[in-house]
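As C-alpha cells, the structure follows; a few thoughts come after it.
The values are calculated or read from the model by the stated rules, or taken from the named source; none is laboratory data. None of these values were measured; they are calculated from a predicted model. Every residue, glycine as well, gets a Cβ built from its backbone with ideal geometry; the counts of neighbours run over all protein chains shown. Note: areas computed on protein heavy atoms with side chains; ligands, DNA, RNA excluded. Shrake-Rupley method; radii C 1.70, N 1.55, O 1.52, S 1.80 Å.
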Amino acid sequence: MALIRLTDVEKSFRDGRDGVRRVLRGVNLMLDEGEMVSVRGVSGSGKTTLLSVLGTTLKADAGFYIFDGEDVTKRADNTALRSEKIGFLFQDHRLMPQYTAWENILLPVLATASHSTEEDERYARELMALLGIEHMADQYPTTLSGGEASRVALCRALIRKPKLLLADEPTGQLDRENAAQVASLLEMVNKRLKTTIIVVTHSEELAEAAARRFVLREGVLDEL
C-alpha cells in the first residue's frame, strides 16, 4: 500500500529582489509502507525543502501530497498528524542538555500527555536495547559521543511508533566509523520495525544503504 504520493509538487520562494526562485519543480514520488529510500543532491538543490514538505512543516504551492491515505495539502493544520505519524532525525541531534537520555527519548510523548505510560516506557527500553544504549539511560547529552547521541536521537524519533521517519543528514557531523554505524542502524530499524525511512544525505555510503535511491537536481527528483 502506498504511504506517500507526491504529484507535481511545486515550491517557490521570494529571493529578496522581487524575484521568485523555484525550489521544487514538479516533484513526483510514490513510496510503499516499509520502504527505505535516500535522496542525494548538492547544496541548494531543494533537499531541505522536500523534507519539509514531506514532514508537513511546509506547504507546497501546487500539486498534491497524499500521506497515509489523506491529502495533507488540503488540511489547515497537520500538527496532530505530524506528532502521531512522522518522526524526525536531525544532523545536530537536538537533544535537550538539561534532560537525561531517557528523558530525551520520552519528550515526544510528553508533548501531548502529562506523563508517560507503562507502555511508553516499555517501548523506550526496547528501543534502547535494540540500539545498544540501555546502559546510557541516566547520562546527559554532554557525556555522550556523537554516535551515542545519534542513537538517543533515533530512539526519540521512533518512540511514537511513526509510520514515516525523515532523516536530515543524520551522519553529517560524524566520523566515518560512526556514520557507518548509523547507516546500519537505520537499515535495521527499517527491516525490524518496518518503518518507512527517507534519508536526505551527501554521503554516498548512507545513500547506498537504501533500497531505492534518488537524486534531486535543481528541484527535479529522479530515481537512479
_Tally up the residues in segment 203-219 that are basic (Lys, Arg) and more than 19 Å from GLU10 (Cβ to Cβ), please._
2
*Examine segment 87-95 for a residue that is under 30 Å from GLU10 (Cβ atoms), open to solvent by 10 Å² or more (accessible area, probe 1.4 Å) and either aromatic (Phe, Trp, Tyr) or modelled with pLDDT of 95 or more (or both), and state whether such a residue exists.*
yes
*asked:* List the strands (runs of 3 or more DSSP E) inside segment 1-55, counting only whole elements, that have at least 2 residues being touching a strand residue (DSSP E or B) at 6+ places or on another chain (Cβ under 8 Å) and under 22 Å from SER203 (Cβ atoms).
replied: 20-32, 36-40
*Extreme residue, surrounded by the most Cβ atoms within 10 Å (Cβ to Cβ), among residues of segment 104-114 that are among the aliphatic types (A, V, I, L, M) and outside any loop (DSSP other than H, G, I, E, B)*: ILE105
_Anything in segment 164-222 that is part of a strand (DSSP E or B) and within 15 Å of ALA153 (Cβ to Cβ)? List them, or say none._
LEU165, LEU166, ALA167, ASP168, ILE197, VAL199
*Return the only residue of ALA2, ALA101 being open to solvent by less than 30 Å² (accessible area, probe 1.4 Å), out of contact with any Lys or Arg (no Cβ under 8 Å at 6 or more places or on another chain) and not hydroxyl-bearing (Ser, Thr, Tyr).*
ALA101
*Of all residues in segment 16-40, count the ones that are on the phi > 0 side of the Ramachandran plot and either polar (S, T, N, Q) or under 18 Å from the mean Cα position of the chain (by Cα) (or both).*
1
*For SER45, all conditions in the list (1) open to solvent by 30 Å² or more (accessible area, probe 1.4 Å); (2) at pLDDT below 90; (3) within 29 Å of VAL182 (Cα to Cα) hold save one; what is the number of the exception?*
(1)
*Give just the number: which of (1) surrounded by fewer than 16 Cβ atoms within 10 Å (Cβ to Cβ); (2) in contact with a strand residue (DSSP E or B) (Cβ under 7 Å, 6 or more places away or on another chain) does THR117 not satisfy?*
(2)
*asked:* Being touching a strand residue (DSSP E or B) at 6+ places or on another chain (Cβ under 8 Å), of a type outside the set (Ser, Thr, Tyr) and open to solvent by 30 Å² or more (accessible area, probe 1.4 Å) is true for just one of ARG176, ARG213, ARG122. Which residue is that?
replied: ARG213
_Checking the structure you have, find out if any residue of segment 127-145 is open to solvent by 80 Å² or more (accessible area, probe 1.4 Å), in contact with a helix residue (DSSP H, G or I) (Cβ under 9 Å, 6 or more places away or on another chain), at pLDDT 95 or above and part of a loop (DSSP other than H, G, I, E, B)._
yes
*Listed residues THR100, THR48, THR57, THR7; which is free of Cβ contacts under 8 Å to residues at least 40 places away in the same chain, out of contact with any Cys (no Cβ under 6 Å at 6 or more places or on another chain) and among the hydroxyl-bearing types (Ser, Thr, Tyr)?*
THR57
*segment 70-97, residues that are over 20 Å from the mean Cα position of the chain (by Cα) and either without any contact (Cβ under 8 Å) to a residue 40 or more places away in the chain or part of a helix (DSSP H, G or I) (or both)*: LYS74, ARG75, ALA76
